[in-house]
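The values are calculated or read from the model by the stated rules, or taken from the named source; none is laboratory data. Since this is a predicted model, take the numbers as computed values, not measurements. A quick note on method: Cβ atoms are made from the backbone with ideal geometry, for glycine too, and the neighbour counts reach across all protein chains shown.
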Amino acid sequence: MRNFILGIIICMPLVVFAQQEEKKIEVSPDVHFRMFWMSTTYPATYKDDYALGTSLNLGTKLNYADHWGFRVGYRIFANLWSSDLTAADPVSGGTNRYEVGLFDLLDLEDRFFGKLENLSLTYSKSNWGISVGRMAINEDWINPQDGRLSPTGIEGAKAWYATENKWGFTGWGISRMSVRGTSDWLSVGESIGVFPTGRNTNGEASQYAGYTTSDWIALVEVSKVWEGITLNVSNTVAQNISNTLWSRVEKKWKSEESGITWLWGVQAGFQSGLGNGGNENPLFQYKNPKDRNWALSTRIDFQKKSWAVNLNYTKTGGQGIWLSPREWGKDAWYTFIPRERNEGFSSLDAVTAFAEYSIKNTDLKAFIHLGFHWLPPLNSPAENKYNMPSYRQLNIGMKYSPRSMPKFDFQVLMMNKEALGNPGLSPSQEYNKVGMMHVNGIVNWRWN
């Protein structure tokens with residue numbers, strides 16, 4: 001698949017240029033610099049960590065004859081300053097979870113590395129197009145999860161089509177993944193298990209990393225826009241792993257007189273296991289093929305001038321555990337809050353609220369995220385994969401996008417998580433999970 005894609009990318013432009021030499025070529029830069037400070041501290045005796053990392057994507061975009069587009073980009077990474085991220089916490093025995101994701105999870109000793117992040121060819125018309133190669137993706141359950149030094153990307157093909165009456169159709173075929181926080185392009189199966197694997201149904205450490213067989217992902221999305229109503233339905237098939245059907249309907253009302261915009265959204269999903277769940281041997285299995293899981297999520301959103309506020313609720317249930325590889329992106333449900341996920345549980349009740357305020361006569365936005373997440377019992381590994389206690393999460397932050405420097409943006413985020421109603425937690429149930437203060441400082445500079 002990889003050689004086929006590279007062959008198309010190399011040969012197609014030569015054929016087109018030979019046939020239409022008089023057409024114009026437009027070249028523009030595609031440069032992204034990011035610097036990221038991250039620290040995690042605990043009031044108790046657990047190990048504190050910090051890291052300052054940077055990345056630079058050097059790329060270009062080439063457009064030819066109005067329909068052809070070529071994109072290439074190589075990103076380099078550097079660990080400028082950090083604590084010893086390879087050392088285990090002396091109390092819990094656990095290893096660092098957050099700061100290591102800035103660098104190469106496949107080689108924690110590597111302080112400077114790079115990878116070819118983008119290499120794609122696109123042909124598009126007014127209502128349809130096709131892209132092949134290495135590219136970005138932002139779908140329900142496979143997305144950039146851009147909370148470190150580089151986003152997650154895919155290698156494969158994408159096709160899309162739009163009708164005059166606002167129906168949209170998108171299809172993806174994926175053969176390889178560039179997991180956020182890694183230096184390599186991995187097969188679909190290899191990508192599962194790069195992040196912490198949790199425990200199996202017997203309470204022992206999961207062993208599916210490196211033993212999961214899955215050759216491809218197929219994703220189809222249908223969307224429709226009416227007057228004030230948006231519909232999205234997607235189906236994600238991870239070969240030999242799972243099938244995830246996901247839908248979202250949102251209705252928007254706007255009052256011209258008051259300037260207030262209301263939105264009500266509902267999400268619903270169903271997931272089932274496929275094949276042998278990644279491996280015939282249950283010891284190395286990622287997902288039980290007999291799993292049948294459902295999820296419901298809803299949102300009420302309010303916007304007026306400087307304010308944006310929403311309230312969200314999610315409930316999941318069914319047989320087995322809802323699983324979506326954390327390497328592939330953040331959760332799709334409305335209650336997602338940055339720096340934690342809620343896949344990996346047989347059931348979930350989550351309530352979250354978000355508020356953002358644009359400070360008048362400045363380029364500053366202040367925001368707050370608050371969530372309460374009730375999870376299955378800790379003593380039931382068949383229901384609680386990551387041995388995670390129910391918790392309260394609070395994120396407070398500031399965004400700064402100066403109009404005088406449009407290529408720059410800055411963000412500060414402070415996160416705190418505390419356990420809910422779980423007295424007597426063991427060190428492994430606290431470290432990396434609750435009772436922490438987590439701080440991010442991010443600088444971006446883009447030229448594209």
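Remark: Phe345 matches the filter, which requires a residue to be touching an Asp or Glu at 6+ places or on another chain (Cβ under 8 Å) and closer than 30 Å to Asn202 by Cβ. Residues in region 194-206 that are part of a loop (DSSP other than H, G, I, E, B), under 23 Å from the mean Cα position of the chain (by Cα) and within 19 Å of Asp291 (Cα to Cα): Thr197, Gly198, Ser206. Taking the criterion of being surrounded by fewer than 16 Cβ atoms within 10 Å (Cβ to Cβ), under 30 Å from Lys166 (Cα atoms) and small (Gly, Ala, Ser), the only residue of region 178-225 that qualifies is Ala218. Can you work out which of the residues in region 130-166 that are part of a loop (DSSP other than H, G, I, E, B) and among the hydrophobic types (A, V, I, L, M, F, W, C) is nearest to Asn63 (Cα to Cα)? So the residue we want is Ile137. Residues that are basic (Lys, Arg) and loosely packed, with under 15 Cβ neighbours inside 10 Å within region 398-424 comprise Arg403, Lys407, listed in sequence order. Taken over region 50-86, the criterion of being outside any strand (DSSP E or B) and within 22 Å of Lys417 (Cβ to Cβ) is satisfied by Ser83, Leu85.
For Ser223, the stated conditions hold: it is in a strand (DSSP E or B), over 23 Å from Lys315 (Cα atoms), among the polar types (S, T, N, Q) and in contact (Cβ under 8 Å) with a residue 24 or more places away in the chain. Only one entry in Val439, Val434, Val443 is among the β-branched types (Val, Ile, Thr), modelled with pLDDT of 95 or more and more than 30 Å from Pro90 (Cβ to Cβ), namely Val443. If I filter region 275-295 for residues that are buried (at least 22 other Cβ atoms within 10 Å of the Cβ) and over 16 Å from Ser206 (Cβ atoms), do I get at least one hit? The answer is yes; a qualifying residue exists. Taken together, the residues in region 57-85 that are at pLDDT below 95 and of a type in the set (Gly, Ala, Ser) amount to 1. Among residues of region 14-33 that are within 30 Å of Thr54 (Cα to Cα), those with a beta-carbon under 9 Å from a residue that is among the polar types (S, T, N, Q) and at pLDDT below 95 at least six positions away or on a different chain give the pairs Ser28/Asn448; Pro29/Asn448; Asp30/Asn448; Val31/Asn448; His32/Ser150; His32/Asn448.
For region 119-129, check the following and say yes or no: at least one residue is part of a loop (DSSP other than H, G, I, E, B) and in contact with a Pro (Cβ under 9 Å, 6 or more places away or on another chain).
So far as region 119-129 goes, no, none of its residues is part of a loop (DSSP other than H, G, I, E, B) and in contact with a Pro (Cβ under 9 Å, 6 or more places away or on another chain).
Being surrounded by fewer than 22 Cβ atoms within 10 Å (Cβ to Cβ) and of a type outside the set (Phe, Trp, Tyr) is true for just one of Ala332, Ala355. Which residue is that?
Unique residue meeting the criteria: Ala355.
Take region 87-100 and flag every residue that is touching a Phe, Trp or Tyr at 6+ places or on another chain (Cβ under 8 Å) and not in a loop (DSSP other than H, G, I, E, B). Matches in region 87-100: Glu99 only. So is Thr41 surrounded by fewer than 17 Cβ atoms within 10 Å (Cβ to Cβ) and touching a residue at least 60 places away in the same chain (Cβ under 8 Å) or not? In short, yes. The set of residues from region 396-411 being more than 18 Å from Ser306 (Cβ to Cβ) and out of contact with any strand residue (DSSP E or B) (no Cβ under 8 Å at 6 or more places or on another chain) comprises Ser404, Met405, Pro406.
All conditions in (1) buried (at least 19 other Cβ atoms within 10 Å of the Cβ); (2) within 24 Å of His67 (Cβ to Cβ) hold for Asp104, with the sole exception of (2). Contact map, region 298-320: residues that are closer than 13 Å to Gly259 by Cβ paired with residues that are among the hydroxyl-bearing types (Ser, Thr, Tyr), Cβ distance under 7 Å, separation 6+ or inter-chain. Pairs shown: Gln303/Thr261; Ser306/Tyr357; Ser306/Ser358; Trp307/Tyr357.
Residue-by-condition table, conditions (1) surrounded by fewer than 16 Cβ atoms within 10 Å (Cβ to Cβ); (2) closer than 30 Å to Leu311 by Cα:
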| residue | (1), (2) |
| --- | --- |
| Glu227 | yes, yes |
| Val233 | no, yes |
| Ile241 | no, no |
| Trp253 | yes, yes |
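For region 167-182, the condition of being touching a helix residue (DSSP H, G or I) at 6+ places or on another chain (Cβ under 8 Å), under 25 Å from Arg75 (Cα atoms), charged (D, E, K, R) and not in a strand (DSSP E or B) holds for at least one residue.
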